[in-house]
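Right, one structure below, let's go through it.
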């Protein structure tokens, strides 16, 4: 039997919006969200100018909004977000493609730079595997740091190869929407860039 696997970026490919931003709004409210990004504007500008990495910028944002939050509380927010908010962010074309692949027995893997805490919950509910960014926890509290590297760019490929022997698959599909997805698209036999925008 032909073995097939499909790797999907999440934010912007499956969803219409960046779920990290939507999660912050969901947990903290719009006022605190916008105020927080004004406070952190210098770090975001430094990232845009290439002075700091996307990981450094992400850790600054995560630390500002969630540092010292009990992981149990954080994960409860993630459960609610995955249940109440994410379904409304899914692109119809992406949902159709995910359903079609699942129905014919293709292994579907969501590969995201967003934390596994909410992407993983949504993925599990839909019977998909998930590879995402891992948040650091100390004394049962969110620190704002990441465990290892942000799951972005070449790190996506590294994580995929650590979990799957891609040589075992006769067909490898990959779906993405940004330059951070290009390395993942390059390992596929069939790749799709911004496929669900219409």
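The values are calculated or read from the model by the stated rules, or taken from the named source; none is laboratory data. Nothing here was measured: the structure is a model prediction, and the numbers come from that model. Cβ coordinates were reconstructed from backbone atoms using ideal geometry, including for glycine residues, and neighbour counts include every protein chain displayed.
Just a few scattered comments:
- Scope region 160-185; condition assigned to a helix (DSSP H, G or I) and within 26 Å of residue 1 (Cβ to Cβ); matching residues: 160, 161, 162, 163, 166, 167, 168, 184, 185
- Any hit, region 134-150, residues being part of a strand (DSSP E or B), free of Cβ contacts under 8 Å to residues at least 40 places away in the same chain and more than 18 Å from residue 101 (Cβ to Cβ): yes
Conditions tested, residue by residue: (1) closer than 30 Å to residue 1 by Cβ; (2) touching a residue at least 60 places away in the same chain (Cβ under 8 Å); (3) not in a strand (DSSP E or B).
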residue: 79; (1), (2), (3): no, no, yes
residue: 105; (1), (2), (3): yes, yes, yes
residue: 110; (1), (2), (3): yes, yes, no
residue: 114; (1), (2), (3): no, yes, no
residue: 118; (1), (2), (3): no, yes, yes
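- Look at region 82-100: where a residue is surrounded by 13 or more Cβ atoms within 10 Å (Cβ to Cβ) and a partner is part of a helix (DSSP H, G or I), sitting 6+ places away or on another chain with Cβ atoms under 6 Å, you get 82/118; 82/121; 82/122; 85/26; 86/122.
- Checking each residue in region 81-103 for being within 28 Å of residue 170 (Cα to Cα) and outside any helix (DSSP H, G or I) picks out only 91.
- Given (1) assigned to a helix (DSSP H, G or I); (2) at pLDDT below 95; (3) touching a helix residue (DSSP H, G or I) at 6+ places or on another chain (Cβ under 8 Å), number of the condition residue 45 does not satisfy: (3)
- Among residues of region 1-11 being in a loop (DSSP other than H, G, I, E, B) and touching a helix residue (DSSP H, G or I) at 6+ places or on another chain (Cβ under 9 Å), the one that is surrounded by the most Cβ atoms within 10 Å (Cβ to Cβ) is 10.
- Residue within region 49-65 that is free of Cβ contacts under 8 Å to residues at least 12 places away in the same chain, part of a helix (DSSP H, G or I) and either farther than 15 Å from residue 114 by Cα or under 21 Å from the mean Cα position of the chain (by Cα) (or both) present: no
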